[in-house]
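Step one of this worksheet: look at the structure below.
The values are calculated or read from the model by the stated rules, or taken from the named source; none is laboratory data. Nothing here was measured: the structure is a model prediction, and the numbers come from that model. Cβ placement follows ideal geometry from the backbone for every residue including glycine, while neighbour counts extend to all protein chains displayed.
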Amino acid sequence: MLIISLSLTALLVGGGAAGLAVWKTLGKQLQNAEFLEAQLKRVRPEGENRGAGPPPALVRVDRAERKIFRPQREIIGRLIEVHKVTVASEVTGTIIAMPVEEGARVTAGETVLAEVDQVWSRLARQRYEAELKSAEAMLEFELVEFERYQKLTDEDAISRSQLELKAATIAGLRADSAKSRTAMEEEDERIARSTIRAPLDGVVVAKHAELGSHVTVGTPLVEIISSGQLDARLMVPESAVNLLEEGEHIAIRIDPLKEEVEGTVVSVTPYGPTASRTFPVRVRLDDQQGRLKVGMSVTASIPTGPERESLVVSRDAVLVRPDGATVWVAMAGEQPATAEVQPVPVTVSDRMRDQYAIEPETASGQQLLVDGATVVIEGLERLMPGQVVRIVTLEAKSPLASAPR
């Protein structure tokens, strides 16, 4: 214990001596002007003004543009099938094969959906075939008899009524033959329809019967939706529905895929729910090799007014706050890639997906915010009037427009 106590005491004394030495050395360095100057050079680039404040804020910019545009608004909708059919049985019997499952792709006229037992139809056809042969044999006999009756009638051996009765018998046999042929054709058609094929190209979305089920005429078997194209169903407000016409192309964003495609308006239904004051509009889309699915949500940009000319900026350039909207205009500064920014109060007249149509509210703003002016689109939340900023760009040319005169 004595040895341990002596060791701890020596350690504490040594640490205190070392700390005192470091403190004295640091005090001498803080009084040395050359040492302080060297430390400042390490944290400040060479040639930078020692009295300057914090470095300029970093911003990204874009250009304001006066152009002709059409006001638009976004409408939420969903994808629906172009065609949906419920395939039903056309014959009565037991399902002996059903090779498709939900989600299976089918081809019109080729893919077998189900097969119904044909035994009763085959037996019925055989019966009608036998009846036809019997009727044809009797008809052949009666035709020979009719010729003999004609000769006897000419010789006044039999009455004419007997000849007419024979003619009626022949007519009846011919009718029986035709009836048997029709019945055979009916059974042939029933046998052919016992194998049920897809009526259109598409996908099986529901099954209503299984292998071994007994079905009758009209029993639902499967539901199929068409493939190749889908419709975006939109409920368009009454104020904008008359601005859409069949055949017009509009932009549709597929929300789950975060992709935008172009669709064609195929129908504008002139009847809508009374409470919502909206009208159903269908926009036809290609299914993008099966990537689009029924039920996906979409966002459509529809026109809300006629084309007109206005000053347009990126929506990111407009800082909207409760007291109004502001656009920050950047003018070339003294140093390369720097600019001085000034706020311009604006009125947003129309909103589009990526751009806003604006009008400056003040006379000075009208001089700053003109066609081709440079506006800040990123980093504008903490700017101050007259602040110098540094512009971040990947382009070789200067992003700044010349200062307005």
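Observations
- Scan the stretch 370-383 for residues that are assigned to a loop (DSSP other than H, G, I, E, B) and either of a type in the set (Gly, Ala, Ser) or at pLDDT 90 or above (or both) and the total you get is 5.
- Of the strands (runs of 3 or more DSSP E) lying entirely inside the stretch 201-292, those containing at least 1 residues that are basic (Lys, Arg) and outside the structural domain of residue 99 (by TED's automatic domain parsing) span 229-237, 249-254, 278-286.
- For the stretch 280-332, the tally of residues that are among the basic types (Lys, Arg) and either touching a Cys at 6+ places or on another chain (Cβ under 7 Å) or free of Cβ contacts under 8 Å to residues at least 40 places away in the same chain (or both) stands at 2.
- Cβ-Cβ under 9 Å pairs, at least 6 apart or on other chains, the stretch 73-102 side within 11 Å of residue 222 (Cβ to Cβ) and in contact (Cβ under 8 Å) with a residue 24 or more places away in the chain, far side among the β-branched types (Val, Ile, Thr) and part of a loop (DSSP other than H, G, I, E, B): 88/217; 88/219; 89/216; 89/217; 89/219; 100/111
- Filter result for residue 259 (under 21 Å from residue 237 (Cα atoms), surrounded by fewer than 13 Cβ atoms within 10 Å (Cβ to Cβ) and charged (D, E, K, R)): no
- The single residue among 127, 160, 148, 197 that is at pLDDT 90 or above, more than 30 Å from residue 230 (Cβ to Cβ) and charged (D, E, K, R) turns out to be 127.
- The combined condition, being more than 18 Å from residue 90 (Cβ to Cβ), in the same structural domain as residue 112 (by TED's automatic domain parsing) and modelled with pLDDT of 90 or more, is fulfilled by residue 137.
- When restricted to residues that are under 13 Å from residue 73 (Cβ atoms) and touching a Ser or Thr at 6+ places or on another chain (Cβ under 7 Å), the stretch 356-367 contains 1.
- So residue 230, is it of a type outside the set (Gly, Ala, Ser) and touching a residue at least 40 places away in the same chain (Cβ under 8 Å): yes
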